[in-house]
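Notes follow once the structure below has been shown.
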DNA sequence: CGGTATCCTTGGAGATACTG
DNA sequence: CAGTATCTCCAAGGATACCG
């Protein structure tokens, strides 16, 4: 319990210092966009998929966003890109070991989200109800 | 190893179905903003801090964004808010058990980020170098 | 097939001023 | 002290058309 607090303190310690950025914050700034983690998950599932194969799996992504996302992940060393000099060209993507390690973290995050999504939804409903009551008191005359 | 693939498959399975959203995706959509996780971390570190105390710790946050962030976390049941009817008013925030469980996940994410930030930075430098070479070939005549 | 290039929209977030 | 209320800006992301 107190170990936990201490560990949090360590993580936050960096944050205050000159130019120090919280690792969690830093992570989110880079990877917490609409598609990156979905692509990582799909690459953990498929084996060396091609561009359009991936596009088919990542439901709703546009060609542009898939390109942007893949470049960004490649840039950070999470995925590798292999271009085969054929006509028409073939490009395959796969997770690097680094990307694979991130996949583990994402899975425990996925676990947490799966387990607790009901409780969160419940909390949200409760919160709505409470604020609605306040509204009703105000708008009785409407 | 194959267990891992299978688990990823489960997480992604929801995604394809009608109105199904990937838990990871869902998580990010709600919590992956600029301040939420920083606030959660700070609440894991401090004990029942007051509004301005928190504002002092979360470096760079504005009054507005702290309010917005706290409301959102409260709405999702991750933190609780206690208002003491004093003059001037005193408000204290703390993590709920749900929020505490999220803190654990964030800490393993923080671990990953801390351990791998060097490798990521290196990968990024490498990537820049490679694209710069391409640029130089193009702009020789400039 | 696997991308770029371009234009456009939207909402997250900052700055500032005011309040119970 | 602990917030609201506005206004504003910018960059993430979508739509569409073209390219090696």
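The numbers here are math on the coordinates, done by the rules we state, and not lab data. Note that the structure is a prediction, hence the values are computed from the model and not measured. Counting neighbours? That spans all protein chains shown, and the Cβs are built from the backbone with ideal geometry, glycine included.
Assorted remarks:
- Rounded tilt (10° steps) of A:36-45 against the dominant C-alpha axis of chain A: 60
- For residue B:67 and residue A:111, a Förster radius of 45 Å and the Cβ-Cβ distance give a FRET efficiency of 0.90, rounded to the nearest 0.05.
- Label geometry 7 Å along the beta-carbon vector: residue B:5 inter-copy distances in nm: 4.6
- Across the identical copies, the label point of residue B:52 (7 Å from Cα in the Cβ direction) is separated from its matches by 6.3 nm, in order from shortest.
- Largest-first principal axis extents of the Cα set of the protein assembly as shown (Å): 74, 47, 42
- Each copy carries residue B:83; placing its label point 7 Å along the C-beta direction from Cα gives inter-copy distances of 6.0 nm, listed from smallest up.
- Helix A:2-16 axis, angle to chain A major axis (alpha carbon atoms, nearest 10°): 70
- Compared with the dominant principal axis of the Cα atoms in chain A, helix A:63-75 is inclined by about 80°.
- Percentage relative contact order, chain B, counting C-alpha pairs under 8 Å, at least six apart: 18
- Across peptide A:34-46, the average count of Cβ atoms from other chains found within 10 Å of a residue's Cβ is 4.
- Pairwise Cα inverse-distance average, inverted: Kirkwood Rh of the stretch A:1-128 (Å): 17.1
- Per-residue shielding of B:92-98, expressed as the average number of other chain Cβ atoms within 10 Å of the residue Cβ, stands at 1.
- Legend: mean number of C-beta atoms from other chains within 10 angstrom of residue C-beta atoms, peptide A:69-77, equals 3.
- Ellipticity estimate at 222 nm from DSSP helix runs (n ≥ 4, -39,500 (n - 2.57)) divided over chain A, nearest 500: -22500 deg cm²/dmol
- Computed from label points 7 Å out along Cα-Cβ, the spacing between residue A:53 and residue B:2 is 1.9 nm.
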